[in-house]
Amino acid sequence: MKTLVVGVGGVTNGGKSTLSNSLHQQIPNSCLIAQDAYFKVDLNFFSLHSVEVLDALHMDTMMSEVDSWRRDPEVFLRRRGLNPERTTPPKDEEVYVLIVEGFLIFNHRPLNDLFYKRYLMEIPYDVCKRRRSSRVYTPPDPPGYFDGHVWPMYLKNRQEMESSVSGIVFLDGLKPKEELLADVYEDVCQEIERLRGKKTDLVPS
């Protein structure tokens, strides 16, 4: 059994969840962990502060889930009601893929260090703002929240990420989702085939 950890990051409403879910559906023996599931549930925090920071997330809990998958992907899949798929290669050559999706996954070093492949979805300011305003949040974004918090924090977080993280593949979020999926799927499949030919797991770059 071999493992591969893939990260899909990017700005809010950039298309990372759509891409990650599609990858999960296409890749056998894959599992998806989404960072949004680990927000701290505190309405006062949500309404009064920016949530575009790591302190707004239960990162210890998220890392615990990631570590649980790394210890035994088969057990992790079954715990989530997913049955591991037996593929053509022998059991010791089967590759289990963890897809981690989120807006700050590359800013959390213990998590970022686990990625072998890193993809970042990009969209322009105006598109991001339009998409954000069309979605319903609970609680809703306060007036001016996007320009006052969301976009500035995205730029800040991105600058920090780019100063310390290498090996990121930047994706144009304006491309058709089918085209993005095809490109990333092919790239990940190439890594899976490389990993099958090695005696140990690929070492993150």
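The values are calculated or read from the model by the stated rules, or taken from the named source; none is laboratory data. Keep in mind it's a predicted model, so treat the numbers as computed, not measured. Note that each Cβ is placed from the backbone with ideal geometry, even for glycine, and that neighbours are counted across all protein chains shown. Heavy atoms of the whole protein, side chains included, go into the accessibility calculation; ligands, DNA and RNA do not. Shrake-Rupley method; radii C 1.70, N 1.55, O 1.52, S 1.80 Å.
Candidates are the residues of region 142-164 that are among the hydrophobic types (A, V, I, L, M, F, W, C) and crowded, with 16+ Cβ neighbours inside 10 Å; the one that is farthest from PHE106 (Cα to Cα) is PHE146.
If you go through region 69-88 and keep only what is touching a helix residue (DSSP H, G or I) at 6+ places or on another chain (Cβ under 6 Å) and at pLDDT 95 or above, you end up with just TRP69.
When ARG131 is tested against (1) under 29 Å from ASP113 (Cα atoms); (2) among the charged types (D, E, K, R); (3) part of a helix (DSSP H, G or I), just one condition goes unmet, and that condition is (1).
LYS177 meets the conditions (1) surrounded by 13 or more Cβ atoms within 10 Å (Cβ to Cβ); (2) farther than 28 Å from THR61 by Cβ; (3) under 17 Å from the mean Cα position of the chain (by Cα) in every case but one. The failed one is (1). Taking the options ASP187, ASP172, name whichever one is under 25 Å from VAL5 (Cα atoms) and open to solvent by less than 40 Å² (accessible area, probe 1.4 Å). None of the others qualify; the one that does is ASP187.
Yes/no matrix, rows are residues, columns are (1) in contact with a Pro (Cβ under 9 Å, 6 or more places away or on another chain); (2) farther than 27 Å from HIS24 by Cβ; (3) part of a helix (DSSP H, G or I):
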site: MET121; (1), (2), (3): no, no, no
site: THR138; (1), (2), (3): no, no, no
site: ASP147; (1), (2), (3): no, yes, yes
site: PRO152; (1), (2), (3): no, yes, yes
site: MET161; (1), (2), (3): no, no, yes
site: SER166; (1), (2), (3): no, no, no
site: LEU180; (1), (2), (3): no, no, yes
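Only a single criterion out of (1) over 24 Å from SER30 (Cβ atoms); (2) open to solvent by less than 40 Å² (accessible area, probe 1.4 Å) is not satisfied by ILE105, namely (1). Somewhere in region 92-112, is a residue modelled with pLDDT under 95 and in a helix (DSSP H, G or I)? Within region 92-112, one or more residues are modelled with pLDDT under 95 and in a helix (DSSP H, G or I). Inside region 113-129, residues that are basic (Lys, Arg) and either in contact (Cβ under 8 Å) with a residue 40 or more places away in the chain or open to solvent by less than 60 Å² (accessible area, probe 1.4 Å) (or both) make up a count of 2.
Among the residues of region 130-144, those that are of a type in the set (D, E, K, R) and touching a residue at least 60 places away in the same chain (Cβ under 8 Å) comprise ARG131, ARG132, ARG135.
Per the conditions (1) exposed (fewer than 15 other Cβ atoms within 10 Å of the Cβ); (2) more than 28 Å from GLU179 (Cα to Cα); (3) modelled with pLDDT under 95, the sole criterion not satisfied by THR61 is (3).
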